[in-house]
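Notes follow once the structure below has been shown.
Please treat every number below as a calculation from the coordinates, not as lab data. None of these values were measured; they are calculated from a predicted model. Note that we place each Cβ from the backbone using ideal geometry, even for glycine, and neighbour counts take in every protein chain shown.
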Amino acid sequence: MNENEAGMCPKCGACALTAIKSNPFSIEGSNVNWREFEELARKVMTRYFGVKLVEKNPKGFPKRFDMVSADENIIGDAKYLTLVHRKKFPPAKMMEISGHVWLLEKVNAKTRFLVFGNQRSVPEKWLDKYGNYARSIDFYFIDAHENVEKMRKNEARARAE
């Protein structure tokens, strides 16, 4: 049994990860749920932007966002999504992402973003299909080592080539 099969991280060999072919750095599902990921994302993105982010409704806006700066110039949401059975295209999750993009486009902030964890291929599929329609929203991915990477359209195809 190799490190991946034993649930060990191929980068550091120490953290417990699930070896998933489509995302070898997925945080082990039994240890992290969507709410815990939200808290992790808030901490990591606070560090990334260099400003404290808190969960709140921007002034005059009905939606509560996961990450909002005090001056409301930075607003974002965290999503911890997977493909259907970790393999199939997830139409409902694509619409969920679209809904968050739409709402973020309505807030008056300089920086608007979605940050993803778990299975990277979910936001990649959305960006490949709809990325041209969401130019004002940034997409980020946080891996199990708390590294933040800005995602771009056609990223999955570029990595496969």
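Could you tell me which of the pairs K88/K129; K56/K79; K43/K150; K52/K125; K59/K79; K63/K88 are separated by over 20 angstrom between their Cα atoms in the structure shown? Correct reply: K52/K125; K59/K79; K63/K88.
For the stretch 108-124, backbone nitrogen atoms closer than 17 Å to the point 7 Å from N73 Cα along Cα-to-C-beta are found at 108-113.
Across the stretch 133-144, rounded Karplus estimates of 3J(HN,Hα) from the backbone phi angles (6.51 cos²θ - 1.76 cosθ + 1.60, θ = phi - 60°) give 9, 10, 6, 9, 10, 8, 10, 10, 10, 10, 8, 5 Hz, Gly and Pro being marked x. Averaged over residues, the count of other Cβ atoms within 10 Å places the peptides 33-41, 130-138, 64-72 in the sequence 64-72, 33-41, 130-138, highest first. A straight chain from N132 to E105 at 0.36 nm per residue would run longer than the Cα-Cα distance by 8.3 nm.
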